[in-house]
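Novice: Would you mind keeping the following structure in view while I ask a few things?
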Amino acid sequence: MIYYKIRPVWYYICMDEYNDDKLKTALLPSYLLWLARIFGVLFFSSFVFFANATELAKPPQTSLGAATAVKTAFSFLTQSEESIKGEDRDRVNILFLGMPGGKNSAPFLTDSIILASIKPSTNQLALLSIPRDLLVYLEKEKRYAKINSLFIMNEKNPELIESEIKKITGQGVDYYVALDMSAVEKVVDALGGLNVFVPQNIYDASFPTDSFGTEVFEVKQGWRYFDGKTVQKYLRTRHSSGGDFARMDQQQAVIEALRKKLFGLNLFLDMPTLLSLYSAVAASLQTDISDREIKSLYSLIKNISYDKIVNKVLNGGSSDSLLVSGTFSFGGQGGFILKPKAGDFDYSEIQYLTSSIFYK
């Protein structure tokens, strides 16, 4: 029975006594393709095993472990791409939420909020940073809140902050990525450091430490090669002349530097690095992007060049700002807030910016 199933392939293609060359020619390409796929699977499996034999022998560093990392990488190579949300309207919107992490007094506030938009037809990327202190009114709950509290307020379910982002920007959120920013340190170290341009000198005499003390953090203007710890500090400091708004510029600069370095990796030759990256972020990442969608997004993002990236920050304090600062009482205690210059909860100017961001 087994030989009966196998015989048609090899008998009709390989046996000398079978002389129908037309049928051989018709069958040969499809079977060569299958052989190539089998070879590719074997090559990839052996490469991962031998390149990472030492790492795989260690206990897993995250709840997912190295075996899952290999499985995900293998799935990435072998699965077909899947259509992604937003392609039909030529705009794919991804909401990035950065949380300070467990050693912070408020670990799950999303102090970094960036709406990334990809325009597939032109390979453009737009990054819009939204300040953590933006005041919002939650109609269903009949209450006011800062936008950075919505993710944890809804028990780390993204629906609440996504609905407010849509109200503010006029743009629906197709996907979200929530990341404990402490993982960035591990990612940068796994990449061997990061080259970042610092537009102005930074001197922070009271940078908060993990032990709830303070230390001096200083960086000089120009191109700087940062290790993971320095990148983490650069992302968090607000002692530039632009304060929190400068910090949002710094975040966008780090994102672009990471994108360049990540997309410069070779999927085979840099597999140990990719596995280290996976281990670094697996326990700190929450997203609704599937494996197949990741592959499709990878295909989109890898074609974006630096001159096709638009960086915008919603800020306050300057003549062309779309926001103004103020104070608001939360539970009888006053706090710093930002609100639209056009009027309380009037997001028309912000929506115009986001709708035309690729042409700014």
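Novice: Looking only at the range 269-298, how many residues end up being modelled with pLDDT under 70, surrounded by 14 or more Cβ atoms within 10 Å (Cβ to Cβ) and over 19 Å from K186 (Cα atoms)?
Specialist: 0
Novice: Related question: Of all the residues that make up the range 191-226, how many are of a type outside the set (S, T, Y) and part of a strand (DSSP E or B)?
Specialist: Going through the range 191-226 one residue at a time, the tally reaches 19.
Novice: Still on this structure, I have one more. Exactly one condition in (1) in contact (Cβ under 8 Å) with a residue 40 or more places away in the chain; (2) surrounded by fewer than 12 Cβ atoms within 10 Å (Cβ to Cβ) is not met by S318; state its number.
Specialist: (1)
Novice: Can you tell me which residue is modelled with the highest pLDDT among those in the range 158-181 that are farther than 19 Å from K146 by Cα and surrounded by fewer than 19 Cβ atoms within 10 Å (Cβ to Cβ)?
Specialist: G172
Novice: Okay, next question. Which of the residues that make up the range 324-351 are within 10 Å of I168 (Cα to Cα) and either touching a Cys at 6+ places or on another chain (Cβ under 6 Å) or in contact (Cβ under 8 Å) with a residue 12 or more places away in the chain (or both)?
Specialist: If the condition is that a residue be within 10 Å of I168 (Cα to Cα) and either touching a Cys at 6+ places or on another chain (Cβ under 6 Å) or in contact (Cβ under 8 Å) with a residue 12 or more places away in the chain (or both), then P340, F345, Y347, E349, I350, Q351 are the ones that fit.
Novice: In the list I309, I301, which residue meets the criterion of being within 19 Å of L97 (Cβ to Cβ) and either β-branched (V, I, T) or at pLDDT below 90 (or both)?
Specialist: None of the others qualify; the one that does is I301.
Novice: Further, regarding this structure: Given the criteria in the same structural domain as S149 (by TED's automatic domain parsing), in contact (Cβ under 8 Å) with a residue 40 or more places away in the chain and touching a helix residue (DSSP H, G or I) at 6+ places or on another chain (Cβ under 7 Å), does I304 qualify?
Specialist: no
Novice: What is the number of the single condition among (1) over 25 Å from the mean Cα position of the chain (by Cα); (2) under 30 Å from S356 (Cα atoms); (3) surrounded by 16 or more Cβ atoms within 10 Å (Cβ to Cβ) that A116 does not meet?
Specialist: (1)
Novice: Further question: In the list L125, L95, L56, L109, which residue meets the criterion of being aliphatic (A, V, I, L, M), surrounded by 15 or more Cβ atoms within 10 Å (Cβ to Cβ), out of contact with any Ser or Thr (no Cβ under 9 Å at 6 or more places or on another chain) and at pLDDT below 95?
Specialist: L56
The values are calculated or read from the model by the stated rules, or taken from the named source; none is laboratory data. Keep in mind that this is a model prediction, so the values were computed, not measured. Every residue, glycine as well, gets a Cβ built from its backbone with ideal geometry; the counts of neighbours run over all protein chains shown.
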